[in-house]
Structure formats: C-alpha cells, structure tokens
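Asks: Can you keep this structure in mind? I'll have questions shortly.
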Amino acid sequence: MEKREEMFLGALIEGTRREVAMEGGEMKPVDMAAYERVARWIATEMETPTGKGLLMVGGVGTGKTLMATRVLPGIVSSFCRPDSRVYGGPLRRIYDVATLTAYELPESGYEAWARKRMASMPRGRDIMEGVYALRMVTIDDMGAEFRSQYENDRMFAFIDGLYRRRSVVKTVVTTNLTSKQLIEKYGLRTCDRLLSMCDIVVFGGGSYRDTGKFYGAINNN
C-alpha cells in the first residue's frame with residue numbers, strides 16, 4: 001500500500017472509531033479489505049474522470065452508513081481540493097459533498113436538484129468566485145424505501161442523472177441488498193447504470209451496535 005493510501009486508511013479507521021464512540025457503540029475489528037478498498041478509492045479514483053463510485057454492500061450495523069455519510073465525506077472535503085482562486089490567498093477549491101437517504105430523493109431528478117443545491121450555496125469574500133463544486137453524492141440505504149413504481153421511477157431519474165455526470169461527480173451508495181435483489185426491485189434499466197459507475201465494496205463482520213442482548217432475547221422467545 002502506498003503512503004497516500006496508508007494515510008487515508010488511518011483516517012478512515014480513526015474516524016470510524018470516533019463516530020462509534022459518539023454513538024456509544026463498541027468498535028469491532030474493521031473489515032480491513034473493505035477499508036483498504038475505500039482508502040485506495042480516495043487516493044486514486046475520487047478525483048479522476050474515469051474513476052468509479054462505490055456501492056457499499058453488507059449486513060445491518062457493519063458500518064456502511066457511518067462510513068458513507070459521516071467518515072468519508074469529512075475526509076473528501078478535507079483532502080480532495082485541487083487549485084482554484086480564493087480571495088486574498090492561495091489557489092484552492094472547496095468541494096461540496098451531499099448525502100440523501102433513499103426515502104428523500106427529489107421528484108425533480110438529479111439535475112434540477114443539483115442546480116437548486118448549488119444556487120443555495122453561500123458566496124462570500126472568503127471564496128472569490130464562488131468556486132463550489134458538487135463532487136460526491138451519497139444515497140444511503142438504497143432499497144429500504146417503500147416499494148412502488150413511483151419510487152422506482154424516482155430512483156431511476158436520480159441514478160440516471162448521476163450516470164450522466166459520472167466523470168465529475170462520484171456516487172456512493174449503501175444498501176443491505178445483493179445485486180440480484182437490487183435488480184429485482186429496480187430493474188435492469190436502473191441497476192445497469194448503477195453497477196457500471198460503481199465498484200462493489202462488501203462490508204463483512206457483525207454489528208458494532210450494542211444489540212447482542214436484544215437479538216439474544218428474541219432468539220430465546
């Protein structure tokens with residue numbers, strides 16, 4: 001592993017440790033293969049037009065949502081900043097990272113949602129030319145929303161918009177569903193785009209939440 005990847009791996013593990021502690025959970029040994037894959041993605045694919053996004057798959061409590069919505073965005077916002085002009089200072093670009101749950105996808109599709117979001121970004125003297133760029137979009141818990149044709153159409157519209165912008169906007173998705181289950185729910189039209197623009201990262205292991213006693217009580221009744 002290269003030095004840059006090692007730096008990101010350490011930041012991912014430390015960030016997870018901190019977030020789990022804030023939730024009062026117990027830090028389990030991380031799935032090192034998954035964490036190394038995410039670290040390599042930040043180091044080599046996040047800022048490249050040909051780099052793919054990430055489809056994080058795994059059981060409940062394995063840290064997918066925590067990684068995708070809290071740990072990873074902080075690292076991307078802190079480290080992935082190519083140059084652009086800032087008022088009175090060096091060249092720098094600030095990256096915007098957005099997170100949505102599968103329940104709250106907009107009816108208008110990705111393009112209209114992105115334009116509205118970027119128009120609402122603050123413009124101040126600290127950023128001379130308003131150099132904001134929506135760089136990463138996370139869809140959390142894909143597949144957990146109510147199943148209907150309307151929801152499926154809304155998911156397709158959003159995924160299709162991200163697919164069209166895949167060279168500049170990276171997509172990160174978390175789901176408890178397998179590839180087969182995703183196809184059964186959304187159809188090939190949506191999943192073909194999703195799977196072509198995202199690499200699958202499997203999160204293994206048990207839940208980091210303190211739910212062992214709860215599951216034991218259920219199994220004993």
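The values are calculated or read from the model by the stated rules, or taken from the named source; none is laboratory data. Note that the structure is predicted; figures quoted are calculated from it, not measured. Heads up, the Cβs are rebuilt from the backbone with ideal geometry, glycines too, and the neighbour counts pull from every protein chain shown.
Asks: Taking the residues in segment 115-164 that are of a type in the set (V, I, T) and at pLDDT below 85 as candidates, determine which candidate is surrounded by the fewest Cβ atoms within 10 Å (Cβ to Cβ).
Replies: At the first step, the residues of segment 115-164 found to be of a type in the set (V, I, T) are 127, 131, 137-139, 159.
From the residues that got through so far, the ones that are at pLDDT below 85 too are 127, 131.
Working: I127: 18, V131: 16.
Residue satisfying both the conditions and the ranking: V131.
Asks: Of all the residues that make up segment 15-63, how many are touching a helix residue (DSSP H, G or I) at 6+ places or on another chain (Cβ under 9 Å), part of a helix (DSSP H, G or I) and of a type in the set (D, E, K, R)?
Replies: Looking only at that region, the number is 5.
Asks: Quick one: what pairs do we get from segment 61-84, first residue on the phi < 0 side of the Ramachandran plot, second of a type in the set (F, W, Y) and at pLDDT 80 or above, C-beta under 7 Å, 6+ apart or different chains?
Replies: Hits for this filter: T62/F203; K64/F203; I75/F8.
Asks: Right, something else. Check whether at least one residue in segment 102-114 is at positive phi, over 14 Å from the mean Cα position of the chain (by Cα), in a loop (DSSP other than H, G, I, E, B) and modelled with pLDDT of 90 or more, and report yes or no.
Replies: Start the filter on segment 102-114 by keeping residues that are at positive phi, which leaves 109.
Keeping just the survivors that are over 14 Å from the mean Cα position of the chain (by Cα) gives 109.
So of that shortlist, the ones also in a loop (DSSP other than H, G, I, E, B) come out as 109.
Going one step further and asking which of them are modelled with pLDDT of 90 or more, we end up with 109.
Yes.
Asks: Name the residues in segment 1-47 that are among the polar types (S, T, N, Q) and closer than 20 Å to C198 by Cβ, would you? Walk me through how you get there before you give the answer.
Replies: Here is the first cut: in segment 1-47, the residues among the polar types (S, T, N, Q) are 16, 44.
Hit for segment 1-47 is T44, nothing else.
Asks: On to the next question. Check segment 186-206 and report whether any residue there is modelled with pLDDT under 75 and in a loop (DSSP other than H, G, I, E, B).
Replies: Let us first name the residues in segment 186-206 that are modelled with pLDDT under 75, namely 205-206.
Next cut, in a loop (DSSP other than H, G, I, E, B) only: 205-206.
Yes, some residue in segment 186-206 is modelled with pLDDT under 75 and in a loop (DSSP other than H, G, I, E, B).
Asks: Among the listed residues A43, A21, which satisfies the condition of being exposed (fewer than 15 other Cβ atoms within 10 Å of the Cβ) and among the small types (G, A, S)?
Replies: Details: A43 fails: exposed (fewer than 15 other Cβ atoms within 10 Å of the Cβ).
Step by step, each of A43, A21 is checked, and only A21 is exposed (fewer than 15 other Cβ atoms within 10 Å of the Cβ) and among the small types (G, A, S).
Asks: Kindly establish whether L72 is in a helix (DSSP H, G or I), within 15 Å of the chain's Cα centre (by Cα), at pLDDT 90 or above and more than 20 Å from M142 (Cβ to Cβ).
Replies: On the way: in a helix (DSSP H, G or I): yes; within 15 Å of the chain's Cα centre (by Cα): yes; at pLDDT 90 or above: yes; more than 20 Å from M142 (Cβ to Cβ): no.
Answer is no for this residue.
Asks: Something else about it: Which residues, counting only those in segment 24-40, are surrounded by fewer than 20 Cβ atoms within 10 Å (Cβ to Cβ) and out of contact with any Asp or Glu (no Cβ under 8 Å at 6 or more places or on another chain)?
Replies: M27, K28, P29, D31, M32, A33
Asks: Looking at the structure I just gave you, is S167 at pLDDT 90 or above and part of a loop (DSSP other than H, G, I, E, B)?
Replies: On the way: at pLDDT 90 or above: yes; part of a loop (DSSP other than H, G, I, E, B): yes.
Yes.
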